[in-house]
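Colleague: This is the structure, below, for whatever I ask next.
Read-outs throughout are calculated quantities, based only on the coordinates presented, and are distinct from any laboratory measurement. For clarity, every value in this text was computed on a predicted model and none was experimentally measured. Cβ: placed from backbone, ideal geometry, glycine included. Neighbour counts: every protein chain shown.
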Amino acid sequence: MARFTRIEVALTMKEQGMVPLFYHKDIDLGKKILTACYKGGARLIEFTSRGDYAHEVFNELNKFCEKELPEMIMGVGSITDGASASLYMALGANFIVTPVLREDIAIACNRRKVLWSPGCGTLTEICRAEELGCEIVKLFPGDIYGPGFVKGIKGPQPWTSVMPTGGVSPTRENLKGWFDAGVTCVGMGSQLISASILKNKEYALLEEKVVEALNLIKEVRGF
């Protein structure tokens, strides 16, 4: 069962302004990644479900968060069907992120009052997602659409909350472009938790990058 409500998750996504995301099969390495992000100020993170037995890795990492990083909200991404969403929610996932819009995922998550963020690429998909109860829409792949797309849809739908994933990097120019366009938060994967950091186990560097990214987001938002 999720430790945090969907309202708490949505508010944390908005306040933090960034959703770090990563996958690695090594549980001990994952714990150190989580700890570095936590020390850097992150209180929400997405584990991408992409490898064999990924749910077993997530289970251990989520239990680690509950015990050692109590304020960390851990969710799961790359979910493509309702059964997978249900499996991860049974393991305590606090939110579900998907690359596609699927109603079976919406139904499974809404029954448990767990926030879900579907990948959408058209205004029609975004409207349908919101009709199904979506709070924050994932714009994916973000690098294909860009900030101009966000600005365009915010005109007729100023109430829509958007989280682009892909095409986001921890630079002032990039983040300013997205937040000026009106995004609620951004998803950031390899540009933040890079392959080099994972390979070389540069946890102190990751902590610094998280601090810098969060400060940049506050700066471009004018907070």
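Colleague: Whether any residue in the range 123-130 is of a type in the set (D, E, K, R) and part of a loop (DSSP other than H, G, I, E, B) is what I want to check.
Modeller: Looking through the range 123-130, none of the residues is of a type in the set (D, E, K, R) and part of a loop (DSSP other than H, G, I, E, B).
Colleague: Would you point out the residue of the range 133-186, among those that are in contact with a strand residue (DSSP E or B) (Cβ under 9 Å, 6 or more places away or on another chain) and of a type in the set (Asp, Glu), that is farthest from Arg6 (Cα to Cα)?
Modeller: Taking the candidates together, the pick is Asp143.
Colleague: Could you tell me whether Ala10 is surrounded by 16 or more Cβ atoms within 10 Å (Cβ to Cβ), farther than 24 Å from Glu208 by Cβ and over 15 Å from the mean Cα position of the chain (by Cα)?
Modeller: No.
Colleague: Follow-up. Would you confirm whether or not the range 171-181 contains a residue that is surrounded by 15 or more Cβ atoms within 10 Å (Cβ to Cβ) and closer than 17 Å to Pro118 by Cα?
Modeller: No: the range 171-181 contains no residue that is surrounded by 15 or more Cβ atoms within 10 Å (Cβ to Cβ) and closer than 17 Å to Pro118 by Cα.
Colleague: OK, next. Of all the helices (runs of 4 or more DSSP H) wholly in the range 132-223, which have at least 2 residues that are under 18 Å from Glu15 (Cβ atoms) and under 19 Å from the mean Cα position of the chain (by Cα)?
Modeller: Those helices (runs of 4 or more DSSP H) span 172-181, 203-221.
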